[in-house]
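S.K.: Submitted below is the structure of interest, expressed as structure tokens.
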Amino acid sequence: MRFSGWRVLREGLTGNRGWQGHWRDPDPKPQYDAVIIGGGGHGLATAYYLAKDHGMTNIAVLERSYIGGGNVGRNTTIVRANYYLPGNSEFYSHSLKLWEGLEQDLNYNAMMSQRGILNVFHNDAQRDSAVRRANAIINQGDDAEILSRDQLRDMVPLLNYANNRFPIQGALLQRRAGTARHDAVAWGFARGADQRGVDILQNCEVTGIRTEGGKVIGVETSRGLIRAGKVAMAAAGRSSQVAAMAGLTLPIESHVLQAFVSEGLKPIIDHVLTFAEGHLYISQSDKGGLVFGSYLDLYASYAARGNLPMVEHTMEACVAMLPAIGKARLLRSWGGIMDMTPDGSPIIDRTSIEGLYLNAGWCYGGFKATPASGQCYAHLIATDRPHEAAAGFRLDRFETGRGLMDEEATGAQHNLH
Ligand SMILES: Cc1cc2nc3c(=O)[nH]c(=O)nc-3n(C[C@H](O)[C@H](O)[C@H](O)COP(=O)(O)OP(=O)(O)OC[C@H]3O[C@@H](n4cnc5c(N)ncnc54)[C@H](O)[C@@H]3O)c2cc1C
């Protein structure tokens, strides 16, 4: 089934009776060439690119719950390529280029909206840092502009310029950045992978990883033993738990990050806005809700729900930066489990066990990485060599100290990210 304007029109005129399910619901086979643990954005994208780029179709994605129920369906949907450090900047640049062609590639409307991201700065030190970042982004080949306070005011008059607890001096703008509909990304990759023969197995929890003589041979699941020559972990916040099934200890702590959405409002915010003070980020969804978030809850947890102190902090930051939205009502909030690495950068690498691969450590920034992560991870799984765009995401950097990419400059303290 292909989507097109003509198809939408025809279905509209004939009672919408011709739409089909987007993916099958197969029973697990006893054996696959490769299985992917985790049906989030990264796992599904990996399956898609394994099938599309490498012709590997005898594979399965094993999801303990339903696809899109993890962080891929819980994030604030920001897509950007404004990273500073080598290693990260080329990877996210590659990812944004994939995003720009993704809907055509998948034949699926992921509601990619390049509405621009504005990183507002509040003092000289933050402006210096924004200028350095802008230069790094431009050197990488992506777009970046520094806006003065007046230019920013012309673009976003709604901010509190007059009497702000955090004075506004200007902003770093990346026009190609924006948002995409998060769960449509999961569905689009699932559909694309399924069409190429990949089995997507929901309600199939991996409970053990079987190895023999230092080699992986399969996984134990809630739906029985599944043998596979290659096993690829893509379990995001639960990466440490899954890796422990193979006796591996990861340099990852799991923390909660909350997000919030307001009642639907008329269009008032045209861009993605982020504020360096208060670490607030906010955009407006197509339904009119303001979607926003701020810090981690700052303690390790596997609970996909947050606590009130961070709710209070986020609301304070919102009202300080955008007093006009003070009267909007909060509709709902939720939490997701973040796989935090000590340097804030991810891991796409082989492990010490032959045939067992790791994709983890995306912290709170893995949604924008989804297409590139899938493509680079698929390349690694299929060829046993790292993709050049993800060559820096090595696991051993935490052991050797070489090649650390401390994007947030917070050192080894997870709770400072
Ligand atoms: C509130 C919030 C806001 C965010 N905002 C942004 C943002 O604006 N931009 C951005 O780039 N990133 C953002 N992120 C981060 C981003 O969502 C994640 O980094 C990314 O989604 C993680 O990859 P994933 O999609 O594969 O994860 P997930 O969707 O969590 O996929 C992992 C899957 O593994 C499954 N799983 C776990 N254990 C097992 C097992 N034993 N067996 C089988 N399956 C298993 C889980 O059920 C889950 O479905 C945000 C995250 C949160 C929570």
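S.K.: So how do 327-334, 293-300 stack up, highest first, on mean other-Cβ count within 10 Å? Could the numbers behind the result be given before it?
M.R.: Values: 327-334: 12.2, 293-300: 19.0.
Ranking the peptides 327-334, 293-300 by packing returns 293-300, 327-334.
S.K.: So, one more: Per residue of the stretch 339-356, in order, report the coupling 6.51 cos²θ - 1.76 cosθ + 1.60 (Karplus, θ = phi - 60°) as ³J(HN,Hα) in whole Hz, putting x for Gly and Pro.
M.R.: So the J values, rounded to whole Hz, are 8, 8, 9, x, 9, x, 10, x, 10, 10, 7, 7, 10, 6, 9, 4, x, 10.
S.K.: Let me ask another. Of the residues Gly170, Gly247, Gly237, which exhibits the maximal mean-square fluctuation in a Gaussian network model of the chain defined by a 10 Å Cα contact cut-off?
M.R.: Most flexible of the set in this elastic network: Gly247.
S.K.: For the stretch 212-356, what does the relative contact order come out to in percent, with C-alpha contacts under 8 Å and a separation of six or more?
M.R.: Details: 248 pairs, mean separation 45.2, N = 145.
About 31 percent, as a whole number.
S.K.: Right, another one. Please build a GNM for the chain, connecting alpha carbons under 10 Å apart, and tell me which residue among Cys204, Cys363, Cys376 fluctuates the most.
M.R.: The residue that fluctuates most here is Cys204.
S.K.: If the only charges are +1 at each Lys and Arg Cβ and -1 at each Asp and Glu Cβ, what is the size of the charge dipole of the chain around the Cα centre, to the nearest 20 debye?
M.R.: 1000 debye
S.K.: Restricting the count to DSSP beta bridges whose residues both fall in the chain, what percent are antiparallel, rounded to a multiple of 5?
M.R.: 70 percent
S.K.: Under 14 Å Cα to Cα from Lys368, which aspartates and glutamates show up? Leave out anything in the same chain fewer than 8 places away.
M.R.: Filter leaves Glu90, Glu100, Asp183.
S.K.: Sticking with this structure for a sec: Name the long-range amide H neighbours of Gly392: under 5 Å, sequence gap of 5 or more, or other chain; modelled H, no Pro or chain starts.
M.R.: So Gly392 has HN proximity to no qualifying residue.
S.K.: Note the full-extension length gain between Asp396 and Gln31 as 0.36 nm times their separation in residues minus their Cα-Cα distance, in nm to one decimal.
M.R.: 128.3 nm
S.K.: Separate question: Can you tell me which of 33-41, 343-351, 49-57, 152-160 comes out highest on packing, and rank the rest after it, using the mean Cβ neighbours within 10 Å?
M.R.: Result, highest mean Cβ count within 10 Å first: 33-41, 343-351, 49-57, 152-160.
S.K.: Return the whole-Å distance between the Cα centroid of the stretch 178-244 and the Cα centroid of the stretch 372-401.
M.R.: Between the Cα centres of the stretch 178-244 and the stretch 372-401 lies a distance of 18 Å.
S.K.: Moving to a separate point now. Counting only other residues whose beta carbon sits under 9 Å from that of Ser113, what net charge do I get with K and R as +1, D and E as -1? Don't skip to the answer; put the middle values down first.
M.R.: Details: positive: Arg115, Arg181; negative: Asp286.
Local net charge: +1.
S.K.: Would you mind classifying the stretch 1-106 by shape? Square roots of the alpha carbon gyration tensor eigenvalues, ordered a ≥ b ≥ c; an a/c under 1.5 is rounded, otherwise it is prolate if a/b is larger than b/c and oblate if not.
M.R.: In terms of gyration-tensor shape, oblate.
S.K.: Please compare each pair in Lys52/Lys266; Lys29/Lys97; Lys29/Lys287; Lys97/Lys327; Lys29/Lys52 to a cut-off of 32 Å on the Cα-Cα distance and tell me which ones are over it. Present the calculation step by step, with values, prior to reporting the outcome.
M.R.: Details: Lys52/Lys266 41 Å; Lys29/Lys97 35 Å; Lys29/Lys287 41 Å; Lys97/Lys327 38 Å; Lys29/Lys52 21 Å.
Checking Cα-Cα distances, Lys52/Lys266; Lys29/Lys97; Lys29/Lys287; Lys97/Lys327 exceed 32 Å.
S.K.: Count charges around Arg397 for me, please; just the other residues with Cβ under 11 Å from its Cβ, Lys/Arg as +1, Asp/Glu as -1.
M.R.: -3
S.K.: Near the amide H of Phe3, under 5 Å away, which other amide H atoms are found, from residues 5 or more places off or on another chain, if H is placed in the peptide plane?
M.R.: Placed amide hydrogens put nothing under 5 Å from Phe3.
S.K.: Taking the Cβ of Gly18 as the center, what net charge do the other residues with Cβ under 11 Å away carry, scoring Lys and Arg +1 and Asp and Glu -1?
M.R.: +2
S.K.: I've got another one for you. Please build a GNM for the chain, connecting alpha carbons under 10 Å apart, and tell me which residue among Thr370, Thr207, Thr274 fluctuates the most.
M.R.: Maximum among the listed residues: Thr207.
S.K.: A follow-up question, please. Rounded to the nearest 500, what is the chain's calculated 222 nm mean residue ellipticity when only DSSP H runs of at least 4 contribute -39500 (n - 2.57) each, over all residues?
M.R.: -8500 deg cm²/dmol
All of the numbers you see were taken from the coordinates with simple rules; none came from a lab. Values in this document were obtained by computation on a predicted structure and should not be read as measured data. Here the Cβ is made from the backbone with ideal geometry for all residues, glycine too, and neighbour counts use every protein chain on show.
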